[in-house]
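I have placed the structure first, in the form of structure tokens, so that the comments after it can refer back to it.
The values are calculated or read from the model by the stated rules, or taken from the named source; none is laboratory data. Just so it is clear, the model here is predicted, and its values are computed rather than measured. Ideal geometry is used to build each Cβ from the backbone, glycine not excepted, and the neighbour counts take in all protein chains shown. Only protein heavy atoms, including side chains, enter the accessible area calculation; ligands, DNA and RNA are left aside. Shrake-Rupley method; radii C 1.70, N 1.55, O 1.52, S 1.80 Å.
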Amino acid sequence: MLAADRRAARAGQLTCDLLVVGGGIAGCWAALKGARAGLSTILLEKAEIGAGASGGFLGALMPHMPERWNGKKDFQFKALVSLQREIATLESRTGMECGYARTGRLIPLASDGARQAALARAADAEANWGSKYSFSVIDEPAGAGWPESAAMRHGAVFETLSARVQPRALLRMLLASMEDQSKARILTHELAPEIDPAGSARLTDGTLISFGHLVLANGVDAFPMIARLAGVPDAPLGAPVKGQAALLKTDLDPDMPLLYDDGLYVIAHEDGRAAIGSTSETEFDQPLSTDAQLDDLVARARVLCPALGDAGIVQRWAGLRPRAIGRDPMLGAIPGCDQVLVSAGGFKISFGIAHRMAEAVIGSITGQMTVEVPESFAVAAHLARARAAASGATPS
Ligand SMILES: Cc1cc2nc3c(=O)[nH]c(=O)nc-3n(C[C@H](O)[C@H](O)[C@H](O)COP(=O)(O)OP(=O)(O)OC[C@H]3O[C@@H](n4cnc5c(N)ncnc54)[C@H](O)[C@@H]3O)c2cc1C
């Protein structure tokens, strides 16, 4: 928190057009887009920017498979395409870099059946991704030991839409961009425990923030808050899914495509380091610590990808992904609370879509809506799923 902002907060009352709760990737994009749209914006973060799931280092920006096209896949596709331009703009305005590159992704195929299915998907990709991005089956590794030849027995998918970014560097760049906006104010180490949906939030120190609109972008903590505000405090709107990842000191060619195999990602980053992720744990005792499951993942990565050699681990990290019920992101106003919107539940793809989620919530506040949001993302749709789950019916 900037010294001037701390003094203002201590004065007891703040007013803004837009209050964004949560300084992860979803909240930083929402606050920046709000300020850029001319809204006086306060970003409130209970710890540090990136203290939640967004503070990791994997950074895969990957699409869903191109078949059975639907609104969710379309939303994500358009987001992945537009992110490149968004990041170029941030980089040129801040003079900073965040290790973004569209390196594509390689997915070894486990059987002849998988190869045939992949070949069929090439036509779906052409129909749904257009001619700029390709999805093909290749038979040679992208480079020596990337991946091991045995993993390529049935070939591999190589698609050119996926990209990678350094999550922490992107957050630093978003923060610098916000600090550059006269309309934006960032309050860290400030928790919003209490929200009056009619337009105010009280911080733990008693400071009252009056807002025109509020965007809840507080990751896994958003679900119970949304349920309370919607008047169904016990609704199971979402749950955390723990993930663990490791960063290795290597000297890899950063142009190598992302490597994905059955939940395992190996990503060569710009600084020569390789990120390996991630576990997917719905049950855990220690949300933020790493354990033997990460060692197993790293061991798998070394087999899949001999190019890693015996590169040492420089960092181990764990975080909680926000997975909404039904797995779709949660976006838009809370029914009955028109001033309170949500941008949460990005689960495993937040870094690829958070800017577009932000565009949607800010567009609905300013009336300049440029983004088509699938109905399944609406908070009402999530509430219906939660009600169905609670009553034992099959969620739609
Ligand atoms: C191991 C791992 C690997 C991953 N890899 C990828 C990947 O390769 N690509 C990808 O796109 N995604 C990936 N993800 C998922 C991605 O990190 C998350 O989906 C994303 O970070 C969620 O962002 P968020 O802003 O919604 O939530 P968060 O980043 O969790 O941010 C929420 C913030 O809100 C703050 N907060 C909570 N309550 C309050 C309150 N009341 N007042 C003020 N502040 C509050 C928290 O401190 C936190 O900083 C990965 C996740 C993990 C764990």
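Taking strands (runs of 3 or more DSSP E) that do not extend beyond segment 136-228, which have at least 1 residues that are in the same structural domain as LYS33 (by TED's automatic domain parsing) and over 22 Å from LEU58 (Cα atoms)? Lay out the reasoning, then the answer.
Details: elements: 156-159, 184-188, 194-196, 200-202, 208-216.
Because the criterion is at least 1 residues that are in the same structural domain as LYS33 (by TED's automatic domain parsing) and over 22 Å from LEU58 (Cα atoms), the strands (runs of 3 or more DSSP E) in segment 136-228 that meet it are 184-188, 194-196, 200-202, 208-216.
Which residues, counting only those in segment 111-148, are within 14 Å of ASP261 (Cα to Cα) and exposed (fewer than 14 other Cβ atoms within 10 Å of the Cβ)?
Hit for segment 111-148 is SER111, nothing else.
Listed residues GLY336, GLY345, GLY352, GLY332; which is assigned by TED's automatic domain parsing to the domain that holds GLY24, on the phi > 0 side of the Ramachandran plot and near the ligand (Cβ under 8 Å from one of its atoms)?
Values: GLY336 fails: near the ligand (Cβ under 8 Å from one of its atoms); GLY352 fails: on the phi > 0 side of the Ramachandran plot; GLY332 fails: near the ligand (Cβ under 8 Å from one of its atoms).
Among GLY336, GLY345, GLY352, GLY332, only GLY345 is assigned by TED's automatic domain parsing to the domain that holds GLY24, on the phi > 0 side of the Ramachandran plot and near the ligand (Cβ under 8 Å from one of its atoms).
Which pairs turn up if I take residues in segment 263-275 that are crowded, with 24+ Cβ neighbours inside 10 Å and look for partners that are of a type in the set (Phe, Trp, Tyr) with beta carbon separation below 7 Å, at least 6 apart in sequence or on another chain?
ALA275/PHE57
Does GLY38 qualify as being within 24 Å of SER162 (Cβ to Cβ), part of a loop (DSSP other than H, G, I, E, B) and modelled with pLDDT of 95 or more? Lay out the reasoning, then the answer.
Values: within 24 Å of SER162 (Cβ to Cβ): no; part of a loop (DSSP other than H, G, I, E, B): yes; modelled with pLDDT of 95 or more: yes.
Against the criterion (within 24 Å of SER162 (Cβ to Cβ), part of a loop (DSSP other than H, G, I, E, B) and modelled with pLDDT of 95 or more), GLY38 does not qualify.
Taking segment 19-35 only, how many residues are open to solvent by 10 Å² or more (accessible area, probe 1.4 Å) and in a helix (DSSP H, G or I)?
Number satisfying all stated conditions: 2.
Test each condition in (1) within 8 Å of the ligand (Cβ to nearest atom); (2) surrounded by 24 or more Cβ atoms within 10 Å (Cβ to Cβ) for VAL361 and report the one that comes out false.
(1)
Quick check on segment 171-183. Is at least one of its residues closer than 25 Å to VAL361 by Cα, among the hydroxyl-bearing types (Ser, Thr, Tyr) and in contact with a helix residue (DSSP H, G or I) (Cβ under 6 Å, 6 or more places away or on another chain)?
Just the residues of segment 171-183 that are closer than 25 Å to VAL361 by Cα, to begin with: 171-183.
Going one step further and asking which of them are among the hydroxyl-bearing types (Ser, Thr, Tyr), we end up with 177, 182.
From what is left, the residues that are in contact with a helix residue (DSSP H, G or I) (Cβ under 6 Å, 6 or more places away or on another chain) are 177.
Taking every residue of segment 171-183 in turn, at least one turns out to be closer than 25 Å to VAL361 by Cα, among the hydroxyl-bearing types (Ser, Thr, Tyr) and in contact with a helix residue (DSSP H, G or I) (Cβ under 6 Å, 6 or more places away or on another chain).
Is it the case that THR89 is free of Cβ contacts under 8 Å to residues at least 24 places away in the same chain and over 25 Å from PHE377 (Cα atoms)?
Criteria met by THR89.
So in segment 229-245, with the set limited to residues that are open to solvent by 10 Å² or more (accessible area, probe 1.4 Å) and hydrophobic (A, V, I, L, M, F, W, C), which one is farthest from the chain's Cα centre (by Cα)?
Here is the first cut: in segment 229-245, the ones open to solvent by 10 Å² or more (accessible area, probe 1.4 Å) are 229-236, 238-240.
This time we only want the ones that are hydrophobic (A, V, I, L, M, F, W, C), so: 229-230, 232, 235, 239.
Numbers: LEU229: 24, ALA230: 24, VAL232: 26, ALA235: 23, ALA239: 15 Å.
If we take residues in segment 229-245 being open to solvent by 10 Å² or more (accessible area, probe 1.4 Å) and hydrophobic (A, V, I, L, M, F, W, C), then VAL232 is farthest from the chain's Cα centre (by Cα).
Only one of LEU294, LEU304 is at pLDDT 95 or above, under 24 Å from GLY155 (Cα atoms) and outside the structural domain of ALA227 (by TED's automatic domain parsing). Can you tell me which?
Working: LEU294 fails: under 24 Å from GLY155 (Cα atoms).
Only one candidate qualifies: LEU304.
Yes/no matrix, rows are residues, columns are (1) modelled with pLDDT under 95; (2) within 23 Å of ASP221 (Cβ to Cβ):
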| position | (1), (2) |
| --- | --- |
| ALA3 | yes, no |
| GLY34 | no, yes |
| GLU48 | no, yes |
| ARG68 | no, no |
| SER82 | no, no |
